[in-house]
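Written out below as structure tokens is the structure these notes cover.
Derivation of every value follows stated rules applied to the coordinates shown; laboratory data play no part. All of these numbers come straight from a predicted model, not from anything done at the bench. Every residue, glycine among them, receives a Cβ derived from its backbone with ideal geometry; neighbour counts consider all protein chains shown.
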Amino acid sequence: MRQGVRTRKERKAFFSIWARSSKALVQAMALLLVGIALGVLSKAIRGLDIPWSGGRSEREVVATHLEGLEEISLDEAWKAYQSGQALFLDARDPGSFSTGHLPGAVNVPPSEAEGDSEEIRVLVQAGMIPIAYCDGVDCPLSSELARGLRERGIEGVKVLVNGWSRWRDRGYPVEDAK
Amino acid sequence: MKGRILFSPLVSIAFRLALGGIFVYAGAVKSQDPGGFAQAIYNYRILPGSLINPVALILPWVEMVVGGALILGVWIQGATLLVCGLLATFASALFLNLMRGIDVDCGCFSTASSGTGNAVWYLFRDLALLAMGLQLLLRYNGMGSGDRSLADMSPREGREKN
């Protein structure tokens, strides 16, 4: 008998929780729909130029990353390397850097720009050309590093877009993991 | 005793207003510059390209609606559920990028996509907000019952709970 009472109580508690959860889910969906409706309405009324679909083109992405920065072509970077003037700044994470990098590159993730800025400043003043790179067209790290260094007074940091892949694919020398 | 304080109506009101205000503010800032927000989302390198613009156009408004619901105490159960879902999603994205070593501005309260991000701080902040959200979730969906507005949160209710 007591077992039966407990079961009824448990059942009641279960249905109570289930009912509450269902109500919360329905309300959450309704709020989501209101948000979606307002977003659609906002775009229509304000005439925003951002399209619903189509994603972001490679050129658009690169342009956004490079805004206000100077890009360097692969050929120019190669010439700078051959003349011994290239100061390659690898903006990737230490793990990626350790598996391979451009010859003589220094690993400077954007978060560490401050710590390495003095050393870089000295080398730039000595005539080296700072070239920041990371991997992938959509990688923002090299641009972030260039901006970070500029904020610390180091001008003229050039960005080699998609540097690691392009350099390696061209067959130029790299320093592999030891 | 600690549980009573943690789940007291006053704490819930404070959490609701704080979370609501934060969501309304975050959504309002991002809704002003959906293009910049799309770039911030893009930098996470998690969503496929075709979903970036729709999310950039919609998410700020969802945040504002949810924030408004929390402040006004309307559909509070659904609002707390949605807030926790959103914060858990943001935390997952931040954690994933932290693990992958992708260091970008989080795009949480601005549409900046340049500069150095502090992923650990962003994640800690998000988890703190999630803890507040979970308190509300437990209160309104687990421990309490029914919709409650500011007016309903009277001292009498507090006495009943005690």
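Descriptive notes on the structure:
- Residues of segment B:57-93 that turn out to be aliphatic (A, V, I, L, M), more than 7 Å from chain A (Cβ to nearest Cβ) and either closer than 29 Å to A:Arg46 by Cα or buried (at least 24 other Cβ atoms within 10 Å of the Cβ) (or both), as a count: 10
- Residues in segment B:1-49 that are over 27 Å from A:Asp138 (Cα atoms) and among the charged types (D, E, K, R): B:Lys2, B:Arg4, B:Arg16.
- Meets criteria (within 14 Å of A:Ala77 (Cβ to Cβ) and away from chain B (no Cβ under 12 Å)) for A:Arg121: no
- Filter pass, B:Gly49 being surrounded by fewer than 24 Cβ atoms within 10 Å (Cβ to Cβ) and within 10 Å of chain A (Cβ to nearest Cβ): yes
- The criterion of being buried (at least 22 other Cβ atoms within 10 Å of the Cβ), in contact with a Gly (Cβ under 6 Å, 6 or more places away or on another chain) and either closer than 30 Å to A:Leu66 by Cα or of a type in the set (Val, Ile, Thr) (or both) does not hold for B:Val24.
- Of everything in segment A:138-178 that is of a type in the set (Asp, Glu) and touching a strand residue (DSSP E or B) at 6+ places or on another chain (Cβ under 8 Å), the residue that is surrounded by the fewest Cβ atoms within 10 Å (Cβ to Cβ) is A:Asp176.
- Residues that are among the hydrophobic types (A, V, I, L, M, F, W, C), at the interface with chain B (Cβ under 10 Å from one of its Cβ atoms), farther than 18 Å from B:Val29 by Cα and free of Cβ contacts under 8 Å to residues at least 40 places away in the same chain, drawn from segment A:21-77: A:Ala24, A:Leu25, A:Val26, A:Ala28, A:Met29, A:Ala30, A:Leu31, A:Leu32, A:Leu33, A:Val34, A:Ala37, A:Trp52
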